[in-house]
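Everything below concerns the one structure shown next.
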Amino acid sequence: MMGRVIWEGSHSESAMVRGRYDNPFEEHPGISNRNLRIVDLDAARTLYLGDIEYRLFRIGRVNHVLIRVVPRKQCLSSLYFRDEGFFYLIFQYFIRPKGYRTMHDVLETQIAIKRIKDYFEKSLSEQLNLTRVSAPLFVTTDTGLNDYLNGVERPVSFDVKSIEGKRVEIVQSLAKWKRMALYKYGFKPYEGLYTDMNAIRRDEDLDNIHSIYVDQWDWEKIIMKEDRNIDFLKDCVRKIYKAFKNTERCMQGIYKDYEEILPDEITFITSQELEDMYPDKSPKERENAIAKEKGAVFITGIGGKLKSGKRHDGRSPDYDDWMLNGDILFWYPVLDMALELSSMGIRVDKDALLRQLKLSDCEDRLKLEYHQMLMEDKLPLTIGGGIGQSRICMFFLRKAHIGEIQASIWPQEMISICEAHKIALL
């Protein structure tokens, strides 16, 4: 990458960088003893901390020099940077794995992807008693079936010539659609469905593990009222983890020198316990710390505010019960980070829906068809989630970039960097 180096040096934990660079820079906690280099580009600025590359975005002029860490959804790391009176939001743009060498060439990778998907899908359906169904790529806006994730992501929408007056949206996830399908298709308690969900997330920040193209197994299962508790949730997580372990053993049986890295058991911890353990770290840093220690972890209680007044992460208020949900994360040594493989939870009943809509100031959604059916007890109680297909293939094949698994689009700058590091994007 070409550009003028405007600061270069080193820093250690809790240090302020000054010297040759005019403005103060406070390092992100947890990133210590790295070389720091700030490069001035024509269109943007890029910051390097050792082998990690960050992109700087200007977010507004300020009159003070306060520099603080800010948690940000799906950013590998984030912080504020002040320059010439402006604040820049910095997020990790690309991780350059040291000594990376792919296990398989492009054709071998394609064959391995098919093997992983076939095996995991079969194991998952057996563990959870799921039947495969077809799913929509788009839904009409007025149904309320689309998911708004953290509430800020914009769905891709368009009109249809043959359907006047209706806007259609590409699905962002199928959490609500699946619950409706269980009702319409006549599933019974402890029966469930899964489907191949494909989506476009136009506002995604692109990096090693994020793409605008999303492919995952979405699953949903009918439960009873007495199952809406943390023990039932954990039991379901253990079954899903067994599918992961079975797939890893399958890979070891197929490929010589393949090393198993998942622990025998998955660890459970609440987001509040995690904050109590690491009060000075950001949510992403807490995830990295616990995943590195345990190998595999399920973090429960995501969406509501913690004792600090902050959320561990955002969740839409109208599908997961924030007290009965969580994320499955594995430690991923290729990128030296926690890798989220699944987000799941026991879905809201009408009491949880009302509570969370009020907390989120989204009570206007109650007029939508899906929400009205839920309030009238027409929809079954369920548990469900999504499991990233490209993510699990990336994990089991030890890839450095999700673009080695799926065919998507990337900035030319990222393509050039990957080529330089022998990372073959599809």
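Key figures
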quantity: Förster-model FRET efficiency, 35 Å R0, R355 and Y100, C-beta, rounded to 0.05; calculated: 0.15
quantity: Label-to-label distance, nm, for residues given as K239 and M277 (7 Å Cα→Cβ offset); calculated: 2.7 nm
quantity: Qualifying GluC sites (Glu not before Pro) in the stretch 259-351, DSSP loop, other Cβ atoms within 10 Å at most 13; calculated: E259, E260, E265
quantity: Estimated distance in nm for a label pair at D257 and L426, the labels positioned 7 Å out from Cα along Cα-to-Cβ; calculated: 2.4 nm
quantity: Loop sites in the stretch 345-426: trypsin sites (Lys or Arg not before Pro), DSSP, at most 12 other Cβ within 10 Å; calculated: K378, K422
quantity: Relative packing of peptides 406-419, 171-184 - highest average C-beta neighbours within 10 Å first; calculated: 171-184, 406-419
quantity: Label point distance in nm, A407-R132, each placed 7 Å from Cα along Cα→Cβ; calculated: 2.0 nm
quantity: Cα shape, the stretch 106-420, gyration tensor, a/c 1.5 rule; calculated: rounded
quantity: Neighbour-limited loop hits for trypsin sites (Lys or Arg not before Pro), the stretch 297-345 (at most 15 other Cβ within 10 Å; DSSP other than H, G, I, E, B); calculated: K307, K310
quantity: FRET E, pair R167, D203, Förster distance 25 Å, beta-carbon r, rounded to 0.05; calculated: 0.90
quantity: Of K176/K422; K245/K350; K188/K281; K166/K350, those spanning more than 32 Å from alpha-carbon to alpha-carbon; calculated: K176/K422; K245/K350; K188/K281
quantity: Gained length - K225 relative to E369, 0.36 nm times residue gap less alpha-carbon distance; calculated: 49.6 nm
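Any read-out appearing in this document is the output of simple, stated calculations on the displayed coordinates, not a laboratory observation. Since the structure is predicted, the reported quantities are computational estimates derived from the model, not experimental observations. With ideal geometry, Cβ positions are generated from the backbone for all residues, glycine too; neighbour counts draw on all protein chains shown.
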